[in-house]
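Data block below; observations after.
The values are calculated or read from the model by the stated rules, or taken from the named source; none is laboratory data. All figures in this text were calculated on a predicted structure; none of them were measured in a lab. Cβ coordinates were reconstructed from backbone atoms using ideal geometry, including for glycine residues, and neighbour counts include every protein chain displayed.
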Amino acid sequence: MTHGSVAEPAGFWASFENSGAAELGDFTTTRRVIRISLLAIVIGIASSGIAWGLLRLIAFFTNLFFYQRFSFENASPAGNTLGWMILFVPVIGGIIVGFMARYGSDRIRGHGMPEAIESILLNGSRVQPRLAILKPLSSAIAIGSGGPFGAEGPIIMTGGAFGSMIAQFFRLTNTERKTLLCAGAAAGMAATFGAPIASVLLAVELLLFEWKPRSLIPVALAAAAATAARHYILDPAPLFPAGPYPSFAGIDGLLGCVLAGLLAGVLSLVLTKGVYASEDLFAKLPIHWMWWPAIGGIFIAIGGLIFPQALGVGYDVIRELLQTDAPLKVLLGVLLVKSMIWIIALGSGTSGGVLAPLLMMGCALGGILGGFLPSEGVGFWPLVCMGAILAGTTSSPFTGIIFAFELTHDINMLLPLLIAVTISYGFTVLTLERSILTEKIARRGYHMSREYSLDPLEISFAREVMRTDIDALHEGRTNEELAELIPSDLSKRVQHMYPVVDENDRLVGVVTRRDLRGAIQHVKENPNGKLSDITRYHPEVVFDDEPLRPVVERMAATGITRFPVVDRDDPGRLVGTISLNNLLSARVVHLENETRREQVLQLPSILAMAKARAAREKDEADKEKAEEEV
């Protein structure tokens, strides 16, 4: 390589200021996170009010539909006295929701989480303002008329919509809008369940698609603010108090957790497949989708006649399953009737959430398993299966563990939950391509990955992949001199960019292979033309100790795919060049690490070890015999 060094003309260092080649640190978060966090706190407090309002709205419609009274007091559909007239209630609710979806916004259909994900991935984290009104209203009508859904999905979507609307009033990036949308969603869940940490984990595992301080800090503060506000407007006690349980369940208990996790994984598989099989069946109906919720309401009504506890949110049923040894009739009713009408109703496109039904079905599975697994206290196995079902169905393991813990406040359950949740999560990961929350995104023609890993470009540096066997050209060369390079260089080697150096071998610019060919082709018209005439001065450069990720980002920002590489300690010395093709080598190393299998250590065979041991014993015996003779 012909040596050169970086020239230092006026303004040259400006190319370094935004190059991403500053002194390396663990994080890229800036002070702008403070501003976003303040907005997130406001959104968190407001989301707690939204959660309170939606819960009161659900109570209002429950009283109106099942008891024909105007009241905002909590009420359960299971205690109604309508008799066979109950058949009309879910159907009426389904008709209303269908009309709202068709003539208001079809985005209110479903359980909310896929819509929040789609807004983040595809719509620049922008949510229509009318969705913040129609979604909670339609959900309240659907649940209040007996829909077997949870309130948390609509609250999460409404909180996210509110966060998105607030963000749209400010000059923010797409990523910052996403952070505030997720802050509203996490705050809504935290206010509903009083589970701030699980809410943050759900945002991380499902909505943020990153683990960075710039997003984690605002989302965590929003969840904390919502939980604090909850103490003043909702019941501050644990939503489902249970326990206390033994500090250690024993080996037989932990093995029971393995079985519970496996069966929870199977149930998660059945529920996920069932929901989308139901959706496929509704799609085949020769009627407009506006009428699907009404058809789903028919099945809800029939299920309500058979097992009234299957109607509505069902927090009271979850509490009963965790605090008492529920009779087998109740357990089977939840596991069979509740799951069936939930699958059909959700497939019909009715508005409602999935978390509360999953918790209820998990509790029912645990109650049945508690009949033959080791006795660890009332509610132990329902709680274990509740967390395992949640984690397996949503593919959010940490959320499942911490959520169950925060709902009960019993820290002794962490180990059993860890085992059961991990088994359930592992089972669904191996048997399902997508979770119940992301399958709808895939059905709309989009793909998202739920795996987070360190980018190999973060831990690879320019010096590791740069090209060093390059030629640099002196800016004083004439076109005739350049023409002489054709047989020795341009015609034999592929070097698309040539660094240009001055008389002191200082880098002053670059010239492309195309520009060189153009100058050489017109050498007769301009034989005394110089390389400096076609040199591109003050080029973008890369430091030799710079990670490859900012290099890729610079290529994307500038549209330039080849840079000269200089020494950071002596930013005047040219050490190589780097191109897009060189960056692929880092990916190749990562691919080899993922696919190449090798046995690093060779264990000696048992026979060889036995022979070596026998030889050592014989040597020791001979040595002792020799010493005795002496």
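At a glance:
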| read-out | value |
| --- | --- |
| Candidates 421, 465, filtered to the one that is of a type outside the set (Asp, Glu), more than 30 Å from residue 107 (Cα to Cα), surrounded by 19 or more Cβ atoms within 10 Å (Cβ to Cβ) and at pLDDT 90 or above | 421 |
| Enumeration of residues in region 84-110 that are within 16 Å of residue 161 (Cβ to Cβ) and of a type in the set (A, V, I, L, M) | 100, 101, 108 |
| Residues (modelled with pLDDT of 90 or more and over 9 Å from residue 362 (Cβ atoms)) located in region 374-391 | 380, 381, 391 |
| All positions within region 400-418 that are within 20 Å of the chain's Cα centre (by Cα), farther than 22 Å from residue 236 by Cβ and surrounded by 24 or more Cβ atoms within 10 Å (Cβ to Cβ) | 400, 401 |
| Subset of region 303-321 (residues that are crowded, with 17+ Cβ neighbours inside 10 Å and either of a type in the set (Val, Ile, Thr) or in contact with a Cys (Cβ under 7 Å, 6 or more places away or on another chain) (or both)) | 313, 317, 318, 321 |
| Matching entry among 539, 604, 550, 564 (being more than 30 Å from residue 503 (Cβ to Cβ) and at pLDDT 80 or above) | 550 |
| Exclusive hit being farther than 30 Å from residue 87 by Cα and crowded, with 20+ Cβ neighbours inside 10 Å, set 228, 190 | 190 |
| Filtered residues of region 51-82 (kept if touching a Phe, Trp or Tyr at 6+ places or on another chain (Cβ under 6 Å) and either within 27 Å of residue 185 (Cβ to Cβ) or not in a loop (DSSP other than H, G, I, E, B) (or both)) | 56, 59, 60, 72, 77 |
| Filtered residues of region 433-462 (kept if part of a loop (DSSP other than H, G, I, E, B), in contact (Cβ under 8 Å) with a residue 24 or more places away in the chain and surrounded by fewer than 18 Cβ atoms within 10 Å (Cβ to Cβ)) | 444, 446, 448, 450, 452, 455, 459 |
| Hey, residue 209 free of Cβ contacts under 8 Å to residues at least 40 places away in the same chain, more than 30 Å from residue 293 (Cα to Cα) and of a type in the set (A, V, I, L, M, F, W, C) or not | no |
| Residue satisfying all of: in region 238-257; among the aliphatic types (A, V, I, L, M) and in contact (Cβ under 8 Å) with a residue 40 or more places away in the chain; nearest to residue 397 (Cα to Cα) among these | 254 |
| Some residue of region 268-281 being under 26 Å from residue 411 (Cβ atoms) and surrounded by fewer than 16 Cβ atoms within 10 Å (Cβ to Cβ) | no |
| Condition met for residue 209 (surrounded by 22 or more Cβ atoms within 10 Å (Cβ to Cβ), within 27 Å of the chain's Cα centre (by Cα), modelled with pLDDT under 85 and among the aromatic types (Phe, Trp, Tyr)) | no |
| Matching residues, region 281-328, being within 31 Å of the chain's Cα centre (by Cα) and without any contact (Cβ under 8 Å) to a residue 40 or more places away in the chain | 283 |
| Whichever residue in region 540-557 is among the β-branched types (Val, Ile, Thr) and in a helix (DSSP H, G or I) and, among such residues, is farthest from the chain's Cα centre (by Cα) | 551 |
| Leading residue by the ranking (farthest from residue 361 (Cα to Cα)) among those in region 135-171 that are out of contact with any Asp or Glu (no Cβ under 8 Å at 6 or more places or on another chain) and free of Cβ contacts under 8 Å to residues at least 60 places away in the same chain | 171 |
| Segments classed as helices (runs of 4 or more DSSP H), wholly inside region 315-432, with at least 3 members that are on the phi > 0 side of the Ramachandran plot | none |
| Flag if residue 242 is within 31 Å of the chain's Cα centre (by Cα), farther than 30 Å from residue 97 by Cα, surrounded by 17 or more Cβ atoms within 10 Å (Cβ to Cβ) and not assigned by TED's automatic domain parsing to the domain that holds residue 350 | yes |
